[in-house]
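Engineer: I have a structure I would like to understand better, so I am pasting it below and will then ask my questions one at a time.
Any read-out appearing in this document is the output of simple, stated calculations on the displayed coordinates, not a laboratory observation. All values derive from a computational prediction rather than experimental measurement. Here the Cβ is made from the backbone with ideal geometry for all residues, glycine too, and neighbour counts use every protein chain on show.
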Amino acid sequence: MKNKILVLCFSVLTLAGCSDYLDIRPEGTVPSLGMDYTKSENIFKPVSAAYASMRPSEVHAFNYICMFEIPSDDADKGSTPEDNPEAKELDTFTFGSNNGLISGLWEGYYNVVSAANNAIGQMPLFEANMMTEANKLYTRQCQAEAKVIRAYAYFNLVRAFGYVPIVDTVMTSEQLASIHQSTPAQVYQFIENDLKEAIPLLPASYSKAYAGRITTYTAMALKAKAHMYHASIENAQANWDSVASLTDRIMASGRYALLDDFRSVFSVDQENSKESLFEIQSSSLGASSGDNYPYVIYAYVQGPRNNEPSNMQGWGFKTPSTALIKFFTDRGETVRAATTFLYRGTKTPEGDSIKTKCPNPVYNGKVYTPSSYNKWNYNGYGFDHNVRILRYSEVLLMFAEAKLQGATTGNASGQTALSAINEVRRRVKLTELNSVTLQDVYDERRAELALEENRYFDLIRTGRAQSILGSKGFVAPKHNLFPIPNAQMQLNSNLIQNTGY
């Protein structure tokens, strides 16, 4: 599974200089790679660098889990009580604009935007120098990939911060320091426009060697999810119609299906499977040591703390909450519970022990990686574990929600809201429903997507955050958004702080 795209991402970062590439000012520019635009083999390199920009911890590991899941009712901070006070602030809603995790995520995602903008800007230079129509078409396809990456970065930025600057080209430091914020509605429109332009240019699939690259269906699923969130703030019916239409096209394509075994969805062997529409690729490339390998530490920061042997331990953050465990128990969940919860004092089906000395009673089982894959000579837990971003089960549940919200479009697949949710339930051996409500869909999303960085923003977009998270310290509307980082306010005097901070 660990394929050419990862090797290319690694090689491009090496060419660019890893520190030069990643340690750039927020919303800053990517340095020139000294590219020869006459060589077709160079076309993918700027896009590869954009993929690589999604691997740092600020983007898809520690900052990501601390902001996108730990504030929810499904997760606790984990680790030990004194470990990482800034993560504790996010768990208890005592954070402010100086929280370093919030600042780091802002910078990380604007680095993704910068890398995507760099790739988008370089593709016309390649196209002008290509001699064949096939190569010219490939430059447009690669530009579309970069637009999806940029759209994904803005989707996470707008959910986190709401009012963010739209940077759609390479800018000077002076320009960046004077740019104004856009409204959430404007950001969603920008996201949707990028995806609308990308969808017809992207391929339906790639060969196995390039598994994990963005396809037209990746863009459709992301566009549907963006419309689902956009519906909560503006022009709801048109957005729900779009959600239904896009998810219906994915279902009708016949290219995707649920894996029979829920546990296998999160295994290394089934990465980029028929259920996957988008994953952040992670690999140690089979190495046991060294620097700058293209792995993501998403799984590592959630691995069982103080476990033995060393390749079966991590930092122990983002542990399942008692509320989530009770929710599963009350629903009679057994199949999903066995995968989602990794209890101390137990042994996995693969034969790995979770020692009783681990400080937390339970860990995230969805990032469990058997010791046979963890070959790094010190720790290395989960270095070969991809981050699941969009799965087919979520496509089914988005479709069901859109139909229940009144969408009249999306009838080619033959699915209904009821049949879609029951397809998800059948896989995990739950009794099929005879009728379906929005609350049923919300509950199914919670169970199916637990600990996958969806619950917190689901509660906010559906207006349930105050009632469910109030006991943790959530106060609406203040905590509907995170604060604009103070460091950014100092860099750009035109930025306006979010309400309540």
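Engineer: Which length gain, in nm to one decimal place, applies between Ser493 and Thr329 when the Cα-Cα distance is subtracted from 0.36 nm times their residue separation?
Structural biologist: Numbers: separation 164, 0.36 × 164 = 59.04 nm, distance 5.03 nm.
Once the chain is fully extended between Ser493 and Thr329, it gains 54.0 nm.
Engineer: Between Ser207 and Glu432, what is 0.36 nm times their sequence separation minus the Cα-Cα distance? Round to one decimal in nm. Please list the in-between numbers first.
Structural biologist: On the way: separation 225, 0.36 × 225 = 81.00 nm, distance 3.62 nm.
Result for the pair: 77.4 nm of gain on full extension.
Engineer: In debye to the nearest 20, how big a dipole does the range 356-487 give about its Cα centre with +1 on each Lys and Arg Cβ and -1 on each Asp and Glu Cβ? Display every interim value, and only then the final one.
Structural biologist: Numbers: 17 positive and 12 negative charges, 66 e Å.
Dipole about the Cα centre, nearest 20: 320 debye.
Engineer: Can you flag which of Lys45/Lys147; Lys326/Lys366; Lys223/Lys366 are past 22 Å Cα-Cα?
Structural biologist: On the way: Lys45/Lys147 15 Å; Lys326/Lys366 18 Å; Lys223/Lys366 25 Å.
Over 22 Å Cα-Cα: Lys223/Lys366.
Engineer: Another question, if that's okay. If amide hydrogens are placed 1.01 Å from N in the peptide plane, which non-local residues have theirs closer than 5 Å to the one on Tyr363?
Structural biologist: Close amide H contacts, sequence-distant or interchain: Leu342, Tyr343, Arg344.
Engineer: Still on this structure, please answer the following. Computed FRET efficiency, Cβ-Cβ of Ala476 and Gln189, R0 25 Å: what is it to the nearest 0.05?
Structural biologist: Details: r = 25 Å, r/R0 = 0.98.
For R0 = 25 Å, the calculated efficiency reads 0.55.
Engineer: If R0 is 25 Å, what FRET efficiency do you get for Glu308 and Tyr343 from their C-beta distance, rounded to 0.05? The partial results should precede the final answer.
Structural biologist: Values: r = 16 Å, r/R0 = 0.64.
The calculated FRET efficiency here is 0.95.
Engineer: Enumerate by residue number the chymotrypsin sites (Phe, Trp or Tyr not before Pro) in the range 373-450 meeting two conditions: DSSP loop (anything except H, G, I, E, B), and at most 10 other Cβ atoms within 10 Å of the site's Cβ. Can you show the working numbers first?
Structural biologist: Details: sites: Tyr373, Trp376, Tyr378, Tyr381, Phe383, Tyr392, Phe399, Tyr442; in loops: Trp376, Tyr378, Tyr381, Phe383.
Sparse-neighbourhood loop chymotrypsin sites (Phe, Trp or Tyr not before Pro): Tyr378.
Engineer: For the chain, what proportion of DSSP beta bridges, expressed in % and rounded to the nearest 5, is antiparallel?
Structural biologist: Details: 13 of 14 bridges.
Just about 95 percent of them are antiparallel.
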